[in-house]
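J.: To start, I am sharing the structure in question, which I have written as structure tokens.
We did not get these values from a lab; they are worked out from the coordinates using the rules stated. Because the structure is a prediction, the values reported are computed rather than measured. Every residue, glycine as well, gets a Cβ built from its backbone with ideal geometry; the counts of neighbours run over all protein chains shown.
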Amino acid sequence: MANKRLTGVLNWHRARATIHSMGVLEAIIADIRQHRPDHIALTGDLVNVGYPPEFPVAARMVDKLGSSTDVSVIPGNHDAYVRGSLPAMDAVFAPFMCSDGDGNPGNSVLAERFPYLRVRQNVAFIGINTGVPTAPFFATGTMGAEQGRKLEKLLEETRNAGLFRVVMLHHPPVTRGVKFGRGLTDARRFELVLRRHGAELVLHGHNHRFSLQQMAGPAAQIPVVGVGSASAVPGTAQHLAEYNLIRINPGSEQPVQIERRGITFENRMVSRVGLVTLHRTGN
Ligand SMILES: [Fe+2]
């Protein structure tokens, strides 16, 4: 076992094993299914230490959400824990991490498949991979220049097609308020791409808590939304299992509504824990 993985496993037993529960995750999955969303975005960290046998176990959970047509996955830092983790993830999740019409994603090179583009109704889902192996105790991510260039092109194409553009990446793509060793190393690059080409919504994971920030686009502010962990054992106001049920109304003055649904310490059922309506804003 790689040194970093050993550290990760020890950390798991010390802390994470008691704050994540598969029973909680099952309840969240059941609630998601009940709401029949048009599409599901999983923003990464499906496993703990990127050990190949972890991925088929994660896949059994993901399969409960839907097929690869209805579920889009992007890798997180734990999915890319050490060299060899991402290929092991890809062997299981390639159909969930590819563009529309990519009939045989398992045969193509993972790095060349990102960013991918999936169009559902009038919404474009653009998936970026920021998962890269890092030194122990680091949880950083990187988009890279090549993905940045491809992202620019995809954002232009999808804007010209009149689509509502949702960009998904695991790490919060902001430079403010990020703890040392946990952020996106080239967040500035991402910010510049979005400032120039725009997007209507950015979704990320990583922080295990809901967050709402804004990023400047060419014509309007772009909402940047973080999500809680779907397997967190309810403990404090900050740590609860939840997901975001997002309603998109392109063209309206309130184009995005986010219903946070989760399990609180007081209420062990999955219920609404917050509702945020976003209004169209200029820069
Ligand atoms: Fe993460």
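J.: Give me the three principal axis extents of segment 3-243 from the C-alpha atoms, as integers in angstrom, largest value leading.
T.: 49, 37, 36
J.: Which aspartates and glutamates does residue 64 reach when only Cα atoms under 13 Å apart count, and residues fewer than 8 places away in its own chain are ignored?
T.: Filter leaves 26, 31.
J.: I would also like to ask the following. Could I have the simple spin-label model distance between residue 272 and residue 22, label points 7 Å from Cα toward Cβ, reported in nm to one decimal?
T.: 3.3
J.: If you take the square roots of the eigenvalues of the alpha-carbon gyration tensor of segment 175-283 and sort them as a ≥ b ≥ c, do you get rounded (a/c under 1.5), prolate (a/b over b/c) or oblate?
T.: It comes out oblate by the Cα gyration axes.
J.: For segment 250-267 and segment 124-179, what is the centre-to-centre distance using only Cα atoms, to the nearest Å?
T.: Their Cα centres are 23 Å away from one another.
J.: Which whole-Hz couplings ³J(HN,Hα) result when phi for each residue of segment 55-61 is put into the Karplus expression 6.51 cos²θ - 1.76 cosθ + 1.60, θ = phi - 60°, listed in order with x for Gly and Pro?
T.: My calculation for segment 55-61 gives 5, x, 5, 4, 4, 5, 6 Hz in order.
J.: Moving on. Amide H to amide H under 5 Å from residue 203: which residues, 5+ apart in sequence or cross-chain, H placed 1.01 Å off N in plane?
T.: Close amide H contacts, sequence-distant or interchain: 167, 168, 169, 225.
J.: Between residue 108 and residue 67, take the C-beta separation as r, use R0 = 30 Å, and let me know the FRET efficiency to the nearest 0.05.
T.: 0.95
J.: Between residue 100 and residue 160, what is 0.36 nm times their sequence separation minus the Cα-Cα distance? Round to one decimal in nm.
T.: Full extension of this stretch gives 19.8 nm more.
J.: Rounded to the nearest 0.05, what FRET efficiency do residue 153 and residue 57 have when you use their Cβ-Cβ distance and R0 = 30 Å?
T.: The calculated FRET efficiency here is 0.25.
J.: Just to confirm a number: summing +1 for Lys and Arg and -1 for Asp and Glu over residues other than residue 227 whose beta-carbon lies under 9 angstrom from that of residue 227, what do you get?
T.: It works out to a net charge of +1.
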